[in-house]
Ligand code: AMP
C-alpha cells in the first residue's frame, strides 16, 4: 500500500564533533523515502532547483521511489545549515535558505492521489494542508513539524493537526507546541488537538508513544559511533510509516513494532553523514538489529 510523502529535498551543510559535510543531500523527504522504501513503494512530492544534479538523483535510483512528483524549477535548492553540540543531542540551526520552497505549490500527480498512506514531512504547514486537500481519503495520515513552524505558523499547524492520525515530533517541540513542560501533560494537550497517536522522539534516549491504548516506551539502539544525527527523525518516520503501510493495520502490537522499526532505521542513519548509511543498508542488517531491540528492553519481573 503505497506512501505519498511531501517534504524538503535539500542540500545540508552540517558540522558535528566528528567532522563537517558541505552541501550534501538532505531534507525530510529524502531521509523518509530512503527509509520507507525498504517496506513499501514511495511517491515523492517536493521541489528542487537547477543546482540539484544527477549525483543527488542517483541516491534515489534503484529503489521503489517514484520521482514524478519531484519538481525541478529555476532557482536554488533549499539549503539548511546546522551545528551539533559535543553531546550530539542538541543542534543549532545556522541558516535556513528556503530558496525554491518560497514559491512552491505542491501539485500531486493524478496517480498519487489515491495513495492510502500519507506522510507530511517537515515543511510549511500551509503546504502540508494543500497536499492533504489533494488526496482522497487516505487510510493513514502521519506528520512531522519543527520549532521553525511552531514559531511561525501556529494557526495553520493547529488546522493541520485536526486532520492527522499520527504526529511525530521531538520532546522540545512537544513542550513548545503544548506549552507544558511535563511530557505526559504535553501529550494529552497535543492529542486533544487531533492526532490519536503521538510519537515523541527523544534522540539517543528513544521514543515515547501515546495512543488510546496508553503509553509505549521504546529505547534507542545504543550506537557507539554517532557521526551525524541529521535526518534521524525523518528516517525514524520512514521506518515507522513504512512498517505500518506494509502491515496494513494499526493495532497496538503493530504500532509498537512500527516504533521499534523507526528506531532501528534511525540508529543506522546516524552512523554516517547525510544519507550515506541508508544507501549502504541491507534488509538483513535491518532485521538483525530489529531483533536485538527485544533483548534491549525485555526483563524478567520474577
Ligand atoms: P531531522 O534531523 O530529522 O529533524 O531532519 C533534518 C532535515 O530537515 C535536514 O536534512 C534539513 O534539510 C531539513 N530541514 C531543516 N529545517 C527545515 C525546515 N525549516 N523546513 C523543512 N526542512 C527542514
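Which condition breaks for residue 123 when tested against (1) in a strand (DSSP E or B); (2) out of contact with any strand residue (DSSP E or B) (no Cβ under 6 Å at 6 or more places or on another chain); (3) crowded, with 21+ Cβ neighbours inside 10 Å?
So the condition that residue 123 fails would be (1).
Residue check, residue 231 against (1) more than 16 Å from the ligand (Cβ to nearest atom); (2) in contact (Cβ under 8 Å) with a residue 24 or more places away in the chain; (3) closer than 18 Å to residue 143 by Cβ, all met but one. Which one?
For residue 231, the failing item is (1).
Within the stretch 125-153, which residues are within 16 Å of the ligand (Cβ to nearest atom), more than 20 Å from residue 171 (Cα to Cα) and without any contact (Cβ under 8 Å) to a residue 60 or more places away in the chain? Give the steps one after another, and end with the answer.
Looking only at the stretch 125-153, we keep the residues that are within 16 Å of the ligand (Cβ to nearest atom), and these are 125-131, 142-153.
Applying the additional criterion that residues be more than 20 Å from residue 171 (Cα to Cα) yields 126-131.
Once the filter is applied, which keeps residues that are within 16 Å of the ligand (Cβ to nearest atom), more than 20 Å from residue 171 (Cα to Cα) and without any contact (Cβ under 8 Å) to a residue 60 or more places away in the chain, the stretch 125-153 yields 126, 129, 130.
Identify the single condition in (1) in contact (Cβ under 8 Å) with a residue 40 or more places away in the chain; (2) over 15 Å from the mean Cα position of the chain (by Cα); (3) crowded, with 16+ Cβ neighbours inside 10 Å that residue 161 does not satisfy, given that it satisfies every other one.
(1)
Does residue 47 fit the bill of being touching a helix residue (DSSP H, G or I) at 6+ places or on another chain (Cβ under 8 Å), over 21 Å from residue 281 (Cβ atoms) and away from the ligand (no atom under 11 Å from the Cβ)? Talk me through it step by step, then tell me what you get.
Values: touching a helix residue (DSSP H, G or I) at 6+ places or on another chain (Cβ under 8 Å): yes; over 21 Å from residue 281 (Cβ atoms): yes; away from the ligand (no atom under 11 Å from the Cβ): yes.
Against the criterion (touching a helix residue (DSSP H, G or I) at 6+ places or on another chain (Cβ under 8 Å), over 21 Å from residue 281 (Cβ atoms) and away from the ligand (no atom under 11 Å from the Cβ)), residue 47 qualifies.
So which residues in the stretch 271-283 are touching a residue at least 60 places away in the same chain (Cβ under 8 Å) and crowded, with 17+ Cβ neighbours inside 10 Å, if there are any at all? Walk me through how you get there before you give the answer.
Step one: filter the stretch 271-283 for residues touching a residue at least 60 places away in the same chain (Cβ under 8 Å), giving 273-275, 278-279, 281, 283.
Answer for the stretch 271-283, where residues must be touching a residue at least 60 places away in the same chain (Cβ under 8 Å) and crowded, with 17+ Cβ neighbours inside 10 Å: 273, 274, 275, 278, 281.
Please give the number of the condition residue 87 fails out of (1) closer than 23 Å to residue 171 by Cβ; (2) more than 15 Å from the ligand (Cβ to nearest atom); (3) in contact (Cβ under 8 Å) with a residue 12 or more places away in the chain.
(3)
Scanning the stretch 239-254 for residues that are modelled with pLDDT of 95 or more and in contact with a strand residue (DSSP E or B) (Cβ under 8 Å, 6 or more places away or on another chain), which turns out farthest from the ligand (Cβ to nearest atom)?
Among those that are modelled with pLDDT of 95 or more and in contact with a strand residue (DSSP E or B) (Cβ under 8 Å, 6 or more places away or on another chain), it is 252.
Within the stretch 179-212, track down each residue that is in contact (Cβ under 8 Å) with a residue 40 or more places away in the chain and under 14 Å from residue 252 (Cβ atoms).
197, 199, 209, 211
Within the stretch 17-27, does at least one residue satisfy the condition of being closer than 23 Å to residue 126 by Cβ, away from the ligand (no atom under 14 Å from the Cβ) and out of contact with any helix residue (DSSP H, G or I) (no Cβ under 7 Å at 6 or more places or on another chain)?
Pass one, the stretch 17-27, residues closer than 23 Å to residue 126 by Cβ: 26-27.
Still in the list and also away from the ligand (no atom under 14 Å from the Cβ): none.
Scanning the stretch 17-27, I find no residue that is closer than 23 Å to residue 126 by Cβ, away from the ligand (no atom under 14 Å from the Cβ) and out of contact with any helix residue (DSSP H, G or I) (no Cβ under 7 Å at 6 or more places or on another chain), so the answer is no.
With respect to residue 37, is the statement that it is within 15 Å of the ligand (Cβ to nearest atom) and either within 17 Å of the chain's Cα centre (by Cα) or within 19 Å of residue 98 (Cα to Cα) (or both) true?
no
Within the stretch 100-110, track down each residue that is outside any loop (DSSP other than H, G, I, E, B) and without any contact (Cβ under 8 Å) to a residue 40 or more places away in the chain.
Just the residues of the stretch 100-110 that are outside any loop (DSSP other than H, G, I, E, B), to begin with: 100-103, 110.
Correct list: 102, 103, 110.
Scan the stretch 160-171 and tell me whether some residue there is out of contact with any strand residue (DSSP E or B) (no Cβ under 8 Å at 6 or more places or on another chain) and at pLDDT 95 or above. Let's see the steps before the verdict.
Restricting attention to the stretch 160-171, the residues satisfying the condition of being out of contact with any strand residue (DSSP E or B) (no Cβ under 8 Å at 6 or more places or on another chain) are 162.
Okay, now just the ones that are also at pLDDT 95 or above, so 162.
Yes, some residue in the stretch 160-171 is out of contact with any strand residue (DSSP E or B) (no Cβ under 8 Å at 6 or more places or on another chain) and at pLDDT 95 or above.
The values are calculated or read from the model by the stated rules, or taken from the named source; none is laboratory data. Remember, it's a predicted structure, so these values are computed and weren't measured experimentally. FYI the Cβ positions are ideal-geometry reconstructions off the backbone, even for glycines, and counts take in every protein chain you see.
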